[in-house]
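Taken together, the values in this text are just the output of simple stated rules run on the coordinates, not laboratory data. All figures in this text were calculated on a predicted structure; none of them were measured in a lab. Every residue, glycine as well, gets a Cβ built from its backbone with ideal geometry; the counts of neighbours run over all protein chains shown.
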Amino acid sequence: SAVISQKPSRDICQRGTSLTIQCQVDSQVTMMFWYRQQPGQSLTLIATANQGSEATYESGFVIDKFPISRPNLTFSTLTVSNMSPEDSSIYLCSVVRDRGIYGYTFGSGTRLTVV
Amino acid sequence: GEDVEQSLFLSVREGDSSVINCTYTDSSSTYLYWYKQEPGAGLQLLTYIFSNMDMKQDQRLTVLLNKKDKHLSLRIADTQTGDSAIYFCAESKAAGNKLTFGGGTRVLVKP
C-alpha cells in the first residue's frame, strides 16, 4: 500500500496565523483527500485534491480558509489560514489505492492547537 | 443525506469477543470499511466488505453486512489489550469516492 509522510506531526500556533501541512506519497496517486478530526469527533472531509485542477470543497469549507495545492501526483499541501482556536483539530491526508476498492490509506495526521 | 452511526463505547474483557455495530442510511453505499485509530496515530484499514457480500472473515475479524437493515458489524475474536482503540466504520458510493465516517466506537479491553 502507499506510504504517506505528513508534516508537521503537531504544532501549536497563534491565532490569526496560518499553517501549511504537507503530504508526500511514495507513489503516484490520482486523488488525495484532506480530512479534519475535531477533538473527540469523527473525520469530516474538507476537500478532494486532484492534480492539475482546483480542489473540490465540501459544504462548510471554503478555499480562502483552507487553500490546497496539488502540484504533482505525489504531493499536496493544505493551509489553515487565519487560525482561531476552533481550528484546533487533527488534519489528515488520505489517498486512494487500487481505485479505492480496497480502501484508503491515511497519513499519521497533524495535530494542530491554536492558542 | 448520508449518515453513518455507531455506538460510542464498548467495554470487553480480554479473551472475549467484541462486536461493534454500525448503521447507515444510504442504500447506495457500495463499499464499507472498518478503520482502527490508536491514540496519537492515524487510521489503519482493518477490513472492508462490498455491498454484494454478506460476510467476510479475516483472521480474528468477521464483518457481517445486512443490506436490508443497512447494518454492519465487526466482530473481533479473542480480544486483546492491543485492540483497545477507536473503531470507525465508513462507506463510499463508488470506488475512489469520498468516505463518510461514523462517529467512532471507543473499545476498552480490560485484563
Quick one: if you stick a label point 7 Å off each Cα along the C-beta vector at A:Asp64 and A:Ile12, how many nm between them? 3.1 nm
Rg [Å, one decimal], Dmax [Å, integer] - chain B, C-alpha atoms: 13.3, 41
Translational diffusion coefficient of chain A at 25 °C, 0.890 mPa s, Stokes-Einstein with Kirkwood Rh over Cα pairs, in µm²/s as a whole number. 175 µm²/s
When B:Thr100, A:Thr20 are ranked with the fewest other C-beta atoms within 10 Å first, the list becomes A:Thr20, B:Thr100
Binned at 5 Å from zero, the C-alpha pair distances of the protein assembly as shown give percents of 1, 7, 15, 18, 19, 16, 12, 7, 4, 1, 0
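Which trypsin sites (Lys or Arg not before Pro) from region A:7-115 combine a DSSP loop assignment with at most 12 other Cβ atoms within 10 Å?
Passing both the DSSP loop test and the Cβ count: A:Arg15.
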Explain nothing, just the number: relative contact order of chain A, from Cα pairs under 8 Å at least 6 residues apart, as a whole percent. 37 percent
Under 5 Å from the placed amide H of B:Glu14, counting only residues 5+ away or on other chains, we find B:Lys110
Please report the antiparallel percentage of the DSSP beta bridges confined to chain A, to the nearest 5. 90 percent
Whole-Å distance, taken between Cα centres, linking region B:20-64 and region A:54-115: 23 Å
Highest average packing first - B:86-99, A:50-63, Cβ atoms within 10 Å: B:86-99, A:50-63
Nearby lysines by direct alpha-carbon distance to A:Lys7 (threshold 26 angstrom, same-chain neighbours under 8 apart not counted): A:Lys65, B:Lys36, B:Lys98
Extended-chain gain in nm, criterion 0.36 nm per residue less alpha-carbon gap, A:Val115 and A:Ser81: 10.8 nm
